[in-house]
Amino acid sequence: MPGIYGSIAAILLSIALLYGGNTMMATLLPVRAGQEGFDAIFVGGMGTGYFIGFIIGCRLTPWLVQRVGHIRAFGALAAITASTTLGFALFMEPAPWIVLRFIYGVAGSGLLMIVEGWLNEKAGQGNRGRVLAIYTLVYIGAQALSQQIFLFIAAKEVTLFLVAAIIICLSLVPIAITTSPSPTPLRTASLNLRRLYATSPVSTLGSLGVGLANGAFWSLAPLFAQGIGLSTQTVGMLITSVIIGNAVLQWPIGWLSDRVDRRFPIVACFFGASALGLAMSFSEGVYLILGIAAVYGAFAQSIYAMLVAHAGDKAEPEEFVSVSGGLLLLYGVGALIGAMPGAALMDAFGHQALFWWTASVHSGIAVFILWRMLKRPGRAEPMPEGFQAVPKSTPVAVDLDPRAEASPPPDAEHQAGEGGATTP
């Protein structure tokens, strides 16, 4: 693989292994929790613990990297993540699992920040769009492939925890043996809600809403699938269907959003996700549910990238990194909150109530966007680069977006952002 793509192959391999192991655990834990008889509220608590840890990890990792360097930090965090993965197999109780999921979130976000920073360093001025596209394909592919393991290994066995730990350990190898120089120190994104809302109310509340719905879905969908009688193998296929739906629609809907007021496809996806969520909650039959899940994923998982593009239309070029990084942190805040209401509804009304929660969030945000469209008709001219499919990972990934090239260097951004609110 020549040129830039050969130089990032090792980093992409580490990223694929990390996403594969992380997505595998995200499915395995709710499934195994259901088999062990955990209440939905405890499964929701695991999701909340993970996202709290993820946000804290995004804040702590730059300090750790500056203290010991990228490779040592990566090695330490990989060891913590693999040990935590094995810890789930040792402590089959709800409370320890919530604590372990929190630790997993802290270490997991740190691992992703380090490899994303490395990838950003290797991406050249004219290659960011292609590198970002490859990265997006790698993380989607890794997520989908990881679910196929459930076709061959039963979740009731401890084997899946061992496999996940092995995958995470292997992600250390490409980074440990790379000859590439360490990248520049990591930076974190600030979250100034007042400035963010003034720039784009639709993107601000939309990102929060997507986080609320997606946090509940990714934390509780495997439990929903078990609750309606799907087999362990089919649970993996349900998650795969959502991921594939996202991959299929993301670029066509992005292309459309470059040619019309972006708010039209955004509001259509919010309403579509709401309707399909309700349809899934009342559907029966494996193939019907898998089909609806694919279309649900196409709508629900495609919204975030359009929200980033819409905010980019409104922001000044030098604001793009802080705006898009703030949206990502706001998505994380929504995700850590969203799992608990979904879990409480599932405990009170049954497993299908998960999608009553996501549908109410999606429809509520859609109504707000319609109100904004009436209040501010017309559209802003899109940025020349147009739509980019962006992963919902860490603030470091924002720098890969070619729309971030006009942003100031980290020191200048830090000085300009002093006094703004940040996440804890």
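With every atom except the alpha carbons ignored, what do you get for Rg and Dmax of region 302-396, in angstroms?
Expressed in Å, the Cα Rg and Dmax of region 302-396 come to 16.1, 49.
What fraction, in whole percent, of alpha-carbon pairs in region 144-285 exceed 21 Å separation?
64 percent
Give the value in nm², to one decimal: projected area of the alpha carbon convex hull of region 152-213, averaged over all directions.
The directionally averaged projection comes out at 8.6 nm².
Please report, largest first and rounded to whole Å, the three semi-axes of the ellipsoid equivalent to the chain, where each semi-axis is the square root of five times an eigenvalue of the C-alpha gyration tensor.
Each semi-axis is the square root of five times an eigenvalue, giving 30, 28, 19 Å.
Quick one: longest stretch of the chain between exposed loop GluC sites (Glu not before Pro), exposed meaning at most 12 other C-beta atoms within 10 Å and loop per DSSP?
Counting only loop sites that pass the neighbour cut-off, the longest clear stretch is 1-156.
Hey, what D do you get for region 188-263 in µm²/s if you plug the Kirkwood alpha-carbon radius into Stokes-Einstein at 10 °C and 1.306 mPa s?
Diffusion coefficient, whole number: 104 µm²/s.
What ratio of Cα Rg to 2.2 N^0.38 Å holds for region 235-341?
Here the answer is 1.18, to two decimals.
Which residues make up the longest stretch of the chain clear of trypsin sites (Lys or Arg not before Pro) that lie in a DSSP loop with no more than 16 other Cβ atoms within 10 Å, not counting the sites?
1-155
Quick one: compute the contact order of region 193-327, relative version, from alpha carbon pairs under 8 angstrom and 6+ residues apart, as a percent.
37 percent
When N is the residue count of region 60-215, what does its C-alpha Rg come to as a fraction of 2.2 N^0.38 Å?
That ratio works out to 1.21.
Considering only protein heavy atoms, with the full assembly of protein chains and a 1.4 angstrom probe, order 287, 331 by accessible area, largest first.
So the residues, ranked largest to smallest area, are 287, 331.
Starting from the Kirkwood Rh over alpha-carbon pairs, what translational D in µm² s⁻¹ does region 328-373 have by Stokes-Einstein at 37 °C and 0.692 mPa s?
Result for D is 283 µm²/s.
Cross-link partners among lysines for residue 314, C-alpha distance below 21 Å, same-chain residues fewer than 8 apart left out?
The reachable lysines, counting only those whose Cα sits under 21 Å from residue 314, are 375, 392.
Let's test this: bin the Cα-Cα distances of region 284-333 at 5 Å from zero up to the farthest pair and state each bin's percent.
5, 18, 19, 16, 12, 10, 8, 6, 4, 2, 0
Cut-off 10 angstrom, C-alpha nodes, Gaussian network model of the chain. Which of 219, 324, 257 fluctuates the most?
Maximum fluctuation in the GNM of the chain, among the listed residues, is at 257.
Restricting everything to alpha-carbon atoms, can you work out Rg to Rh for region 1-91 with a Kirkwood hydrodynamic radius?
Radius of gyration over Kirkwood radius for region 1-91 works out to 1.06.
If the elastic network links every pair of Cα atoms under 10 Å, which of 147, 250, 35 fluctuates the most in the Gaussian network model of the chain?
Ranking 147, 250, 35 by mean-square fluctuation puts 35 first.
Take every Cα pair under 8 Å in the chain that's 6+ residues apart, average their separations, divide by the length, and report that relative contact order as a whole percent.
In percent, rounded to a whole number, it is 27.
Highest GNM mean-square fluctuation, the chain, Cα pairs closer than 10 Å: which of 161, 91, 299?
91
The values are calculated or read from the model by the stated rules, or taken from the named source; none is laboratory data. The structure displayed is predicted, hence computed values, not measured ones. Reconstructed Cβ throughout: ideal geometry from the backbone, glycine too, with neighbour counts over all protein chains shown. Just the protein is used for accessible areas: all its heavy atoms, side chains included, with ligands, DNA and RNA removed. Shrake-Rupley method; radii C 1.70, N 1.55, O 1.52, S 1.80 Å.
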